[in-house]
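Inspection log for the structure reproduced underneath, given as structure tokens.
Laboratory data are not the source of any read-out in this text; all were calculated from the coordinates shown. The shown structure was predicted, so the numbers you read here are calculated from the model rather than taken from an experiment. Note: ideal-geometry Cβ built from the backbone for every residue, glycine included; neighbour counts use all protein chains shown.
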Amino acid sequence: MKNVFETIFFTEILQGLGITLSHMFKKPVTYRYPFEATPIQDRFRGIQYIKTHADGRTKCVGCYLCQKVCPSECIHIETDCGPNGERLIRKYELDLSRCIYCGYCEEVCPVDAIHMGWEWNTVASDRSGYVINMKTLSMNYKDNLEGNWKNKHLKKKLVEGVQQ
Amino acid sequence: MVTVKIDGKEVQVAPNTLILDAAKEAGVTIPTLCHDSRLNPFGACRVCLVEQVNNPKLQAACTTPVTDKMEIITRSEKLSRVRKTAIELLLINHPLDCPVCDKGGECTLQDLTYEVGVTKVRFDAKPNDTPVDHTNPFIERDIDRCVLCGRCVRICDEVVNIQAISFLNRGTDTIIGTSFEQPWNCEYCGQCISVCPVGSLNNRIYLFKNRPWNLERVKSVCGLCSCGCTVDIDYEGNEVFRMKESPAEGINHGYMCAKGRFGFEFINSIKRQSEAVVKAGGESKKVSFNEAVEVAVEKLRKVKDTAGADAIAVVVSPRLTNEEAFLAGKLAKDVLGTSNLFSTESEEVYPEATLEEVENSDCVTVLNIDVTESNPILGLAVRHAARMGSAPLAVFYPGYTALKRVAKKFVTGNPDEVRASMESYAAAVAGASNEYSEWAAKLTKAERPVVVFDPYNKADVKIAQDIKKACAKVKVVPAKSKNNSVGIVDMGFGAKCATEFAKGLESGKFKAVVVLGENLSARSVWTKSASKAAGLELLLVTDPFMSETAAMSNVYIPVATFAEKSGSFTNLEGRVQSIEKAVDKGVNTDACVVSAIAKGLGAQLPADANAVRGMIEKEVPLYSGINWDGGVVSYPYVFAGEVAATDGKAKGKGRFFLYPASLRLHSGSFTRWSPDLAKVYGEPMLEIGVEDAKELGIKSKDRVKVKGEGFEGEFLVEIEKKVSKGCIALPEDFVATAGIFCNGKSLRADIVK
């Protein structure tokens with residue numbers, strides 16, 4: 001009986017039309033990338049930053065653990081002995097074109113220096129900018145801290161995560 | 001033999017064996033921290049505690065000898081609890097700065113912490129925090145990390161016998177330090193670094209440069225002095241990061257000296273040349289390897305055609321491998337057809353005693369050589385014999401050396417007096433009755449007597465020969481200076497006297513000279529005639545660096561150092577040992593140069609070390625069937641013939657006796673290019689006694705002029721307690737001093753302010 005009723009009055013079609021109609025009044029769930037930015041979650045793993053002390057010195061001690069743990073071998077470190085017998089980082093390079101954003105470097109860091117940031121856009125017309133050094137990584141920290149993101153959609157609330 | 005049961009395994013060991021060694025026999029590993037098999041038992045760390053069945057007390061395995069029917073348990077719950085606590089107690093004061101500590105990754109304490117499973121220390125952690133000591137140019141001392149195992153103190157005392165460091169204070173205040181907190185008074189051998197289980201004593205040359213897990217390692221042989229120490233070369237990419245001992249391996253038992261441990265930096269030096277240089281018409285031009293070889297070949301051919309093969313000479317340095325020296329000989333004899341093969345070495349004296357025989361000797365005599373400086377590992381062997389084996393040691397040297405502490409008799413004075421003493425000692429050995437009869441009797445009565453002497457000093461060779469003749473059981477050690485001083489002689493470069501080459505240069509007999517690795521200007525036999533080499537038709541020089549001779553050359557080819565090639569060296573015992581290639585600096589080896597020249601002249605010579613070894617085994621009878629990694633060559637004789645008696649008296653006139661001193665962390669050509677060794681002794685220093693310096697009114701670091709018959713030079717002064725009155729000393733292997741010692745080994749000179 002019900003079947004006959006549905007066949008005669010096309011109720012299923014109307015049901016479908018109803019769902020479509022209801023969505024016309026809802027907010028869209030898709031984003032019109034690249035004209036519109038996608039949201040970033042708190043635990044998103046983007047381009048790394050390295051924390052600095054208050055006086056601007058890097059927190060990194062050059063222990064080579066991130067270089068060792070990195071599965072894609074994108075970190076290259078060179079250290080040396082400074083003039084006063086201190087540990088000196090001659091070179092800290094991170095090749096973003098190789099990085100797989102696994103976050104192992106963040107996990108292994110014994111001094112809480114390297115972190116995964118929220119910035120992710122590395123699109124460029126050539127590869128020269130992909131290898132970033134300690135200076136850029138420290139600047140990334142500042143940008144993450146102050147919320148100077150290139151991607152305008154990164155909300156201020158993420159800044160709190162950086163300060164932790 | 002006694003029977004012991006370790007973890008259920010029964011083993012038979014000699015009585016008085018330590019539990020630790022018995023366990024090793026049984027295949028059981030007991031963790032240790034303060035133990036070193038080369039040192040006396042100490043028992044400081046309590047990590048090796050084991051249970052003995054029916055004994056309520058725990059025993060330290062590294063200090064307790066086994067008894068018959070002993071039953072030992074090395075793994076139990078109680079023991080792991082005890083070991084864990086021992087480590088936890090160490091970690092109270094040990095700062096956990098593993099990320100920045102150079103030892104991180106190869107630290108015994110780190111390994112033990114993982115092994116016993118300490119994740120949290122139950123006690124209040126009070127990490128030490130005192131400043132790091134940088135007073136030693138090679139050794140960084142961070143007493144915070146010290147676990148007071150005493151290994152450094154013991155090795156400095158028992159092996160090196162310098163006692164530079166010791167325990168200071170008592171109880172919880174105990175630290176490792178120098179006497180009265182003064183700067184290190186030390187030989188810079190770095191033995192303490194090699195035994196430190198934590199990062200308390202660090203190598204300042206390697207400090208913070210890399211981490212151990214990044215480094216690759218090859219086992220090779222040190223290429224500096226003629227001791228032939230087995231070393232590990234640690235490298236990453238094409239850079240050598242450190243040279244360290246192969247623990248308890250090789251003839252050196254894992255000991256090394258300052259030169260080997262800290263002087264390797266010349267391999268990475270930025271002063272190394274990478275391009276060949278050809279000089280024509282006063283203009284030098286950088287060319288490729290092949291072009292340089294072409295020029296050399298053309299000139300060699302021209303000289304051979306116009307002036308004959310006898311106008312060509314080949315000079316090799318003792319830095320070359322056996323294979324390279326053999327190839328150079330082949331090139332000269334078979335391809336060029338000349339018999340003019342020269343080196344600083346001669347076949348007058350061949351090695352006899354091995355280092356092991358020196359260690360186990362029961363009477364040692366050292367004739368006129370500062371053996372702890374020139375051949376440090378031979379020096380350690382002498383010390384071992386004198387201290388551990390309590391062999392009577394007699395030393396003859398103008399001025400005290402580091403052997404003073406262990407020598408039962410130290411004869412010093414001015415060089416002439418020392419020479420006279422040595423002569424009467426030799427006469428006493430032969431049976432004469434004089435003041436040395438008592439000492440000579442010790443030598444003649446001993447079962448395994450050893451005499452160490454300087455083979456480069458004719459007068460000393462004569463005395464050594466006299467002793468050997470009078471007492472046939474005496475084994476002599478000619479303390480040759482360079483890594484392959486013995487090997488190049490075996491390859492045919494010792495037959496002609498070095499002075500003949502100087503004469504040939506002076507007379508203009510030689511038109512083309514091939515110099516492989518040698519620096520003519522820095523060798524006292526050749527320094528006077530070296531300038532003559534500049535005007536030759538061809539002066540081909542191969543050297544890793546632009547040495548004084550290389551700068552004079554008209555064809556210069558940069559070549560590899562010992563870390564960049566394979567081959568073998570023959571050390572002062574006559575032991576042939578293989579070296580391994582570690583890095584590649586983009587330059588050719590001497591073997592490649594010789595092979596390329598031979599090819600240009602229409603002959604085929606292999607450059608590969610293995611192929612050359614086959615040829616050597618066939619053509620050099622001494623090396624037929626030799627084991628290339630550790631085989632000892634059996635020489636037909638020790639002294640070639642009756643050494644002519646030379647007048648050993650100091651030449652010239654002057655107030656002071658001038659003699660060639662210890663090399664002071666240098667062994668000549670290579671170590672001069674090491675920036676770290678140069679920091680300590682960068683230029684030749686004039687050593688003078690305290691009294692004489694006071695009389696003349698000169699202070700340390702003053703510049704004074706030394707003037708004698710036919711020489712003059714200006715040097716920095718270093719006041720040394722050990723130098724005898726009326727004597728001054730200068731190192732020999734510098735260009736500035738080679739010009740002085742070409743006049744003789746013992747001279748008289750005046751000091752002009």
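Once phi is turned into ³J(HN,Hα) by the Karplus curve 6.51 cos²θ - 1.76 cosθ + 1.60 with θ = phi - 60°, what whole-Hz value does each residue of the range A:128-138 show in order, with x for glycine and proline?
Those phi angles translate into 4, x, 6, 7, 10, 10, 4, 4, 5, 5, 6 Hz.
Can you divide the C-alpha Rg of the protein assembly as shown by 2.2 N^0.38 Å and report the result to two decimal places?
1.17
For peptide A:53-65, what's the mean number of Cβ atoms from other chains within 10 Å of each residue's Cβ?
2
What's the Cα-based Rg to Rh of the range B:656-752, Rh via Kirkwood?
Looking at the range B:656-752, the ratio lands at 0.95.
Quick one: grab the alpha carbon gyration tensor of the range B:515-555, order the square roots of its eigenvalues as a ≥ b ≥ c, and give me rounded if a/c is under 1.5, else prolate or oblate depending on whether a/b is larger than b/c.
Cα axes put the range B:515-555 in the oblate bin.
If R₀ is 30 angstrom, what is the calculated FRET efficiency for the pair residue B:12 and residue B:77, using the beta carbon separation as r and rounding to 0.05?
After rounding, the FRET efficiency stands at 0.55.
Among the listed pairs B:532/B:653; B:721/B:753; B:409/B:445; B:209/B:679, which have their C-alpha atoms separated by more than 23 angstrom in this model?
Violating the 23 Å limit, Cα to Cα: B:532/B:653.
Provide B:184, A:118 in ascending order of the number of other Cβ atoms located within 10 Å of each residue's Cβ, fewest first.
B:184, A:118
Over the alpha-carbon set of chain B, work out the extent along each principal axis and list the three values in angstrom, largest first.
That gives 91, 62, 53 Å along the principal axes, largest extent first.
How large is log10 of I(q)/I(0) for the range B:355-478 at q = 0.17, 0.18, 0.22 Å⁻¹ when the intensity is taken from the Debye formula with one equal scatterer per alpha-carbon?
So the normalised log intensities work out to -0.75, -0.85, -1.36.
Can you pull the percent of Cα pairs in the range B:2-75 with separation above 16 Å?
40 percent
For B:124, B:466, what ranking results if the residue with the fewest other Cβ atoms within 10 Å of its Cβ goes first?
B:124, B:466
When the gyration tensor of the range A:40-163 is built from Cα positions, what are the square roots of 5 times its three eigenvalues, in whole Å, from largest to smallest?
In descending order the semi-axes read 23, 17, 14 Å.
How many partner chain Cβ atoms sit within 10 Å of a residue's Cβ in peptide B:204-215, on average, as a whole number?
4
Take chain A, connect every pair of alpha-carbon atoms lying under 10 Å apart with a spring to form a Gaussian network, then pick out the residue of A:136, A:11, A:79 with the largest mean-square fluctuation.
In this elastic network of chain A, the residue with the biggest mean-square fluctuation among A:136, A:11, A:79 is A:11.
For the range B:628-695, state which trypsin sites (Lys or Arg not before Pro) are in a DSSP loop and have at most 14 other beta carbons lying within 10 Å of their beta carbon.
Sparse-neighbourhood loop trypsin sites (Lys or Arg not before Pro): B:649, B:653, B:655.
Within a 10 angstrom radius of each residue's Cβ in A:103-114, how many Cβ atoms of other chains show up on average? Whole number is fine.
1
Taking Cα atoms, how many degrees apart are the long axis of helix A:11-24 and the longest axis of chain A, rounded to 10 and kept between 0 and 90?
40 degrees
Can you run the Rg to Rh ratio on the range B:123-268? Use alpha carbon positions and the Kirkwood inverse-distance Rh.
0.98
If you find the alpha carbon centre of the range B:45-101 and of the range B:513-540, how far apart are they in angstrom?
After rounding, the separation between the Cα centres reads 63 Å.
Spelling out what I want: for every residue of the range A:48-62, take phi, set θ = phi - 60°, compute 6.51 cos²θ - 1.76 cosθ + 1.60 (Karplus), and round to whole Hz; glycine and proline get x.
Once θ is set to phi - 60°, the couplings for the range A:48-62 become 5, 9, 10, 5, 10, 6, 4, 8, x, 5, 6, 7, 4, 9, x Hz.
Sorting check: for B:225-237, B:51-63, which peptide has the highest mean count of neighbouring beta carbons within 10 Å, and how do the rest follow?
With the highest mean Cβ count within 10 Å placed first, the list reads B:225-237, B:51-63.
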